[in-house]
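Novice: Before anything else, here's the structure in question.
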Amino acid sequence: MPLEAVIEAVPELRNAESVAPLPGGLTNTNYKVVAGGHAYVVRISNKDSSLLAIDRQNELHNTIAAAEAGVGAPFVAALPEHDAVVLGFLEGRALSPDDLRRGDLLPLVAQACRRLHGARRFLADFDMFEIQQRYLGVVRERGLRLPDRYLDFEPQVRAIEEAMRLRTEPTVPCNNDLLAENFIDVGGELKLIDYEYSGNNDPCFELGNIWSESNLTPEQLDELVAYYYGAPLRNKIARARLWGLVAKYGWMLWASIQDGVSQLEFDFWSWGLEKYERAVAEFDGPDFERLLAEVQRKD
């Protein structure tokens, strides 16, 4: 069994006092291991993760960089022969979307993002436009299902891409998958976990994806941008809004792939469809053209 092999191979884990599965993890299996009075997390990757644009070498490099910056979990060991990583267990509370929607934690969210974005350069870049096209290729090649009207919105996505490229932003180390549960409140400071999709990226993608994942209000995204940049810059708000839209559109394909290949007991299709339906409302909504214009303006 991989877990037993990992425990035997890592000195810190030997003579483990307790081992318990941890909930969550849609592309890996997680365990909490207590040994020598210390708690650790063992993450064992599931198969077929390459279909989801997950690069384990990139993830490892970036996990270590985040730990060095003090915003990620402490790094203990990597065992590629077992598809496993061992991290220090963060004694804290994982947030929920309701926690973020309350609004009072947004300054801490911005602070945690700035700390991560100040880490040493990550190994690879992350571009959701490219990843969405890669996912679409996998879906077509494998004959997986698409929701109604999905391809109808490709012109709008290309219009967003063109507008973004006209005013490129310097990239920084980003997590790129900051759903609420990947924030851990450790004594009033937020730590960030799970670097499977991490890479150098536009910081506005990070902010927009946070907004999207926890279904914050547009006004709360304005606040998050203001906390991050020091002012509610219209160009940055538009970038974050549009990146959040592209993220929802792209993660729908992630869900389609998982729906077709994953062995986990989880309703990936409904998970993705909820995001996609919110994306459709934005594509069809009154703000789309305005956001395209504002993303090209100077602040």
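Novice: Looking only at the range 149-193, filter to residues that are on the phi > 0 side of the Ramachandran plot and more than 14 Å from the chain's Cα centre (by Cα); which one of those is modelled with the highest pLDDT?
Specialist: Arg149
Novice: I need the full set of residues from the range 234-269 which are within 24 Å of Arg102 (Cβ to Cβ) and either among the aliphatic types (A, V, I, L, M) or outside any helix (DSSP H, G or I) (or both), in order please.
Specialist: Within the range 234-269, Ile237, Ala240, Leu245, Ala247 meet the criteria.
Novice: I'd like to check something: does the range 212-224 contain any residue that is surrounded by 18 or more Cβ atoms within 10 Å (Cβ to Cβ) and closer than 22 Å to Tyr135 by Cα?
Specialist: yes
Novice: How do the pairs read when you match residues in the range 63-88 that are at positive phi with residues anywhere that are surrounded by fewer than 23 Cβ atoms within 10 Å (Cβ to Cβ) and of a type in the set (Gly, Ala, Ser), using Cβ under 7 Å and keeping only pairs 6 or more apart or on different chains?
Specialist: Short answer, once both residue conditions are applied: Asp83/Ser45.
Novice: So which residues in the range 214-233 are part of a helix (DSSP H, G or I) and of a type in the set (Gly, Ala, Ser)?
Specialist: Ala226
Novice: Right, next: Going by what's in this entry, would Tyr249 be described as assigned by TED's automatic domain parsing to the domain that holds Glu277, crowded, with 20+ Cβ neighbours inside 10 Å and at pLDDT 95 or above?
Specialist: yes
Novice: Now for a different question. If you check every pair at least six apart or on different chains, which have Cβ atoms under 9 Å apart with a residue in the range 1-19 that is exposed (fewer than 11 other Cβ atoms within 10 Å of the Cβ) first and a residue that is basic (Lys, Arg) second?
Specialist: Matching pairs, first to second residue: Ser18/Lys32.
Novice: When the residues of the range 7-40 are narrowed to those that are of a type in the set (S, T, N, Q) and under 28 Å from Tyr197 (Cα atoms), which ends up modelled with the lowest pLDDT?
Specialist: Thr27
Novice: In the range 110-213, which strands (runs of 3 or more DSSP E) lie fully inside it and hold 3 or more residues that are more than 28 Å from Asn235 (Cα to Cα)?
Specialist: 183-186
Novice: Is it true that some residue in the range 148-170 is closer than 18 Å to Ile257 by Cα, surrounded by fewer than 17 Cβ atoms within 10 Å (Cβ to Cβ) and not charged (D, E, K, R)?
Specialist: yes
The values are calculated or read from the model by the stated rules, or taken from the named source; none is laboratory data. From a predicted model like this one, the values you see are computed outputs, not experimental measurements. Using ideal geometry, Cβ is built from the backbone for each residue, glycine included, and neighbour counts are taken over all protein chains shown.
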